[in-house]
1. In the stretch 115-139, which residues are surrounded by 19 or more Cβ atoms within 10 Å (Cβ to Cβ) and touching a Phe, Trp or Tyr at 6+ places or on another chain (Cβ under 7 Å)?
2. Within the stretch 159-192, take every residue that is outside any loop (DSSP other than H, G, I, E, B) and within 11 Å of Arg308 (Cα to Cα) and give me the one that is modelled with the highest pLDDT.
3. Taking Thr184, is it in contact with a Phe, Trp or Tyr (Cβ under 8 Å, 6 or more places away or on another chain) and either among the aromatic types (Phe, Trp, Tyr) or buried (at least 18 other Cβ atoms within 10 Å of the Cβ) (or both)?
4. Please work out which residue is surrounded by the most Cβ atoms within 10 Å (Cβ to Cβ), limiting yourself to the stretch 207-216 and to residues that are in contact with a helix residue (DSSP H, G or I) (Cβ under 9 Å, 6 or more places away or on another chain) and in a loop (DSSP other than H, G, I, E, B).
5. Name the single residue, out of those in the stretch 103-114 being of a type in the set (S, T, N, Q) and part of a strand (DSSP E or B), that is surrounded by the fewest Cβ atoms within 10 Å (Cβ to Cβ).
6. Assuming Leu302 fulfils every condition listed in (1) touching a strand residue (DSSP E or B) at 6+ places or on another chain (Cβ under 7 Å); (2) at positive phi apart from one, which condition is it?
7. Tell me, which residue of the stretch 330-349 that is modelled with pLDDT under 85 and exposed (fewer than 15 other Cβ atoms within 10 Å of the Cβ) is farthest from Glu189 (Cα to Cα)?
8. Out of the stretch 171-181, which residues are touching a Gly at 6+ places or on another chain (Cβ under 8 Å) and either within 19 Å of Pro217 (Cα to Cα) or surrounded by fewer than 16 Cβ atoms within 10 Å (Cβ to Cβ) (or both)?
Amino acid sequence: MSIKRLIVVMGLAAVAPVSSAHHAVAGNYDSATIVEVEGEITSILMRNPHPQITLRAVTEDGEVQDWQMATTALSNMRRWQIDPNFIQVGDTIRAAGNPALRIEHGLYISNVLTADGEEVLLGGNVEPRWTDRTIEMSESRRRGVGDPSSPELGIYRVWSTVDNIPMLMPRNIGRTPEGRANLTPAALEAVDAFVWARDNPLQNCAQKGMPLIMEAPYPFEIRQDGEDILWHNEEFDTIRRIHMSADATAEGQPDSLLGYSIGRWEDERTLVVTTTNVNWGHFDGQGIPASTESEMIETFTLSPQGDRLDYSVTISDPVYLKEPMTFGKHWVWYPDAEVGVYNCTPEAED
C-alpha cells in the first residue's frame with residue numbers, strides 16, 4: 001500500500017452498528033455512511049473510552065490530510081481477545097468507518113487492513129472488506145454461550161456481556177410515539193430541548209449513574225463483602241453496594257449517582273434489588289430526565305448450570321414517567337474473563 005493514496009467510498013453503511021457501542025458514538029458519527037482512507041499512522045493513544053489514532057493521507061494532487069480516528073474501547077478489544085498492538089506508529093494501513101458529523105477528516109473505524117495484510121474487525125457485527133485473513137473476536141465470544149462447568153460458583157463470579165444482542169435500553173425511547181406517550185409533559189419538554197453536542201452526559205469520562213450503568217458492556221464481578229454484595233464493573237471501576245441486611249433502609253441515606261440498593265434472595269438463584277436515592281438526573285442518557293423520586297427494581301436470575309445471568313429492571317418515576325418501564329438483558333460466564341483497569345482519558349477540548 002502506498003501512502004500517496006486516499007480512498008473515500010460513501011454510501012449505505014455495510015457495517016451494522018455494534019450492540020455495545022458507547023452512547024457517544026451514535027451522536028458524533030454518521031452510521032449510514034462508510035468512508036475508506038489509506039495512509040501512515042502518525043500517533044496512537046490506546047485508551048478508554050475510545051482509542052485515538054491519527055492517520056496522514058496524501059491525495060493524488062499532493063494534499064496532505066490528517067485524519068482523526070477513533071474506534072471501539074480498549075476494554076472491548078481486551079474482552080474480545082484482540083491484541084491492541086495490531087498497529088504501530090509508522091505503519092501504513094487502510095481503515096474504513098463512519099465519518100464524523102462535526103469535524104472534517106474524522107472517522108470512527110470498524111475495519112483496519114494492517115501493514116501485514118491482516119484485516120482487524122473492531123466489532124461483533126463487522127464483516128471483512130478486503131481479505132479473509134482476519135483478526136476478530138474470539139470464537140468463544142462470538143458464540144455468546146457461557147461455560148456451564150462450575151454451577152457451584154453461583155452468582156459470585158465475573159460476568160460478560162454478549163455481543164450482537166440489543167442494548168439494555170433502546171437509544172430512541174424519547175423519540176418514538178410509544179415512548180413519548182409514556183412521558184409526562186415535564187419529560188417531553190426536557191427531551192425536546194435536549195441537544196446532543198451540548199447536553200450529552202457521557203462526554204469526557206463523565207461517570208454513568210443508575211440505571212444506565214447496568215448496560216455497560218464491560219466485564220463485572222459480583223462478590224460478597226461481609227453480609228453485603230458488591231457489583232464491580234470495569235467501566236470507571238464502578239462499585240455498587242447491595243445491602244443485604246434485613247434491617248437495611250434507604251431512609252436518611254444520601255442521594256448519589258448509584259443510589260442506595262437493598263437486596264433480598266427470592267430463592268436460591270434469584271436476587272431482587274430495590275434502588276432509590278439516585279440523583280444522576282438521567283434516565284437513558286439521551287434526553288429523558290430522571291428524578292430523585294425514581295425507584296428501580298432489579299432481578300438477577302442465575303441459570304441452573306451457572307453459565308448465564310438474566311437481568312431485568314423496572315423503573316418507576318412519578319415525575320417523568322406515566323407508567324413504569326421494564327428492560328432486560330443477560331450476561332454469560334467465561335472462565336478466562338477478568339475485570340480490567342479502565343483508565344478513562346478525557347478527550348482534548350477544542
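1. Listed by number, the residues that qualify are Glu119, Val120, Met137.
2. Residue satisfying both the conditions and the ranking: Trp159.
3. no
4. Among those that are in contact with a helix residue (DSSP H, G or I) (Cβ under 9 Å, 6 or more places away or on another chain) and in a loop (DSSP other than H, G, I, E, B), it is Lys208.
5. Across the stretch 103-114, the extreme among qualifying residues is Asn111.
6. (2)
7. Once the filter is applied, the top-ranked residue is Asn343.
8. Residues satisfying the conditions are Asn172, Arg180.
The values are calculated or read from the model by the stated rules, or taken from the named source; none is laboratory data. Treat the numbers as computed from the prediction; the structure is a model and nothing was measured. In this analysis, Cβ positions are derived from the backbone assuming ideal geometry, glycine residues included, and neighbour counts consider all displayed protein chains.
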